[in-house]
1. Among all residue pairs at least 6 apart or on different chains, which show Cβ distances below 9 Å where the first residue, located in the range 267-288, is on the phi > 0 side of the Ramachandran plot and the second is in a loop (DSSP other than H, G, I, E, B) and surrounded by fewer than 21 Cβ atoms within 10 Å (Cβ to Cβ)?
2. Scan the range 386-411 residue by residue and report those that are small (G, A, S) and touching a Ser or Thr at 6+ places or on another chain (Cβ under 9 Å).
3. Given the criteria modelled with pLDDT under 95, touching a Lys or Arg at 6+ places or on another chain (Cβ under 9 Å) and closer than 24 Å to M1 by Cβ, does Q126 qualify?
4. Got a number for residues in the range 130-161 being more than 16 Å from I96 (Cβ to Cβ) and at pLDDT 90 or above?
5. In the range 249-260, how many are assigned to a loop (DSSP other than H, G, I, E, B) and surrounded by fewer than 24 Cβ atoms within 10 Å (Cβ to Cβ)?
6. Taking the range 121-147 on its own, how many of its residues are touching a strand residue (DSSP E or B) at 6+ places or on another chain (Cβ under 9 Å) and on the phi > 0 side of the Ramachandran plot?
7. State yes or no: is V415 at pLDDT below 90, of a type outside the set (S, T, Y) and under 21 Å from L239 (Cβ atoms)?
8. Looking for whichever is within 24 Å of the chain's Cα centre (by Cα) and either assigned by TED's automatic domain parsing to the domain that holds A390 or surrounded by fewer than 20 Cβ atoms within 10 Å (Cβ to Cβ) (or both) here; the options are L331, L326. Which one fits?
Amino acid sequence: MLGVLGPNGSGKTTLLRLLSGVLCPQQGEVLLAGRSLQRWGRRGVAQRIAVVPQELHIPFAFSVEHMVGLGRLPFIGSFARCGVRDKMVVQDAMRIASVTALAQRIFNELSGGERQRVLIAMALAQEPFVLLLDEPTAHLDIKYQIETLALLQRLNRERGVTVVATMHDLNLAARYFPRLIVFQRGVVADAGPAEVLEPELLSRVYGVNVRVGILRGAEHLSVLPPGGSDEHRDSVHALVHVIAGGGSGELMMRALADGHIPFSAGALNIGDSDYTLALRLAQEVIVEQPYAPIAPETVKQVQTSLARVAVLILCPAPIGAGNLVLLQQALAAAQHGLPTILLTPTGMDTTCATDTLIDGDDGELQRTGIATRDYTNGEGVKLVGQLLQAGAIMVSSVGEAVELVKRHVLQQGVVEG
């Protein structure tokens with residue numbers, strides 16, 4: 001039971017179309033039982049994966065029984081007649097979806113909740129291993145929402161059907177889906193409701209402040225409108241900006257959060273592990289599309305953030321052509337007087353592969369470890385050297401970095417503890 005969450009336009013429906021084989025990925029492949037969807041063929045996929053769309057408009061006066069019978073097409077073909085077993089499957093599907101009493105009714109004349117149950121029955125007639133649903137509770141009143149999701153839960157528990165559903169109602173998602181993915185043109189979070197439905201993460205993804213309450217255990221979360229504590233949080237501006245990537249900022253961001261030091265982060269690509277954590281912990285996250293270089297408009301956001309904060313922290317992220325501009329912005333800010341901290345990598349030999357990039361006498365530059373993570377033919381090394389000349393302070397632990405930050409910002413009366 002997997003619920004896929006995300007704002008409009010985040011790619012949830014596209015994801016379902018990829019999983020069902022309606023769309024082909026430009027990169028990578030979609031596997032069903034370890035085998036590419038293309039190798040299964042359209043009929044093979046339809047015999048294993050069923051899709052329930054948000055709405056289905058039928059231009060003919062089909063009865064409910066006829067509609068459910070369409071689910072047998074992958075097995076009998078377009079012009080063959082249903083056999084005895086096919087008719088039994090159709091009757092069983094209608095019984096499970098509680099639409100047997102509607103069998104002779106015209107599909108287009110049914111209510112929204114009734115049509116949704118018929119579409120699920122039609123999908124069940126395919127005898128699928130996987131059931132994909134695009135916002136199955138959209139436009140339904142609460143009675144039909146609960147009935148629909150309870151039905152999906154029963155199918156999962158009693159028949160072992162894998163259920164993947166996009167959802168907009170976060171409270172219903174938390175109640176019925178033990179696993180949730182927050183999707184924003186990439187996976188932002190993937191865990192149980194208690195781990196995924198965090199106020200900071202939801203606020204970043206949806207662009208609105210929320211509170212998350214817990215009612216009778218973690219499986220009964222409640223996403224609520226913003227309250228006083230959220231409004232206070234929004235009134236506090238970031239005091240530190242963190243430039244990271246590839247997991248290099250994890251310990252630093254956690255230490256700042258533990259120290260109640262509000263910080264911004266970025267630019268970070270969607271899907272980067274530092275991006276996922278920053279959504280949970282940072283006051284502001286500057287975002288770039290996955291696998292894309294930093295765009296000019298994103299650079300302007302970084303410049304704006306650096307102009308507001310009291311301290312800049314550079315984590316030991318890999319430097320390539322796509323994010324070299326972040327080092328350039330860091331250097332410009334340091335040269336204009338912004339206190340800058342360089343966090344060195346831990347557990348790494350920072351002297352290897354440095355002979356051709358760093359002068360052997362420049363021990364301080366070697367200790368930054370930049371040569372081992374610079375993929376720009378020395379441009380990154382040059383910029384870090386200039387940062388040191390501009391007064392950047394090199395530290396070897398996050399604890400040391402936090403202490404330096406506090407020295408700069410305590411006088412502003414914001415840091416607690």
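1. Here the result reads G271/R185; G271/G186; G271/P290; G271/Y291, each pair linking the range 267-288 to a residue that is in a loop (DSSP other than H, G, I, E, B) and surrounded by fewer than 21 Cβ atoms within 10 Å (Cβ to Cβ).
2. A390, G391, A392, S396, S397
3. Against the criterion (modelled with pLDDT under 95, touching a Lys or Arg at 6+ places or on another chain (Cβ under 9 Å) and closer than 24 Å to M1 by Cβ), Q126 qualifies.
4. 4
5. Applying the first criterion (assigned to a loop (DSSP other than H, G, I, E, B)) to the range 249-260 yields 249, 259-260.
Narrowing further to those that are surrounded by fewer than 24 Cβ atoms within 10 Å (Cβ to Cβ): 259-260.
So the answer is 2.
6. So the count comes out to 2.
7. yes
8. L326
The values are calculated or read from the model by the stated rules, or taken from the named source; none is laboratory data. All figures in this text were calculated on a predicted structure; none of them were measured in a lab. Cβ: placed from backbone, ideal geometry, glycine included. Neighbour counts: every protein chain shown.
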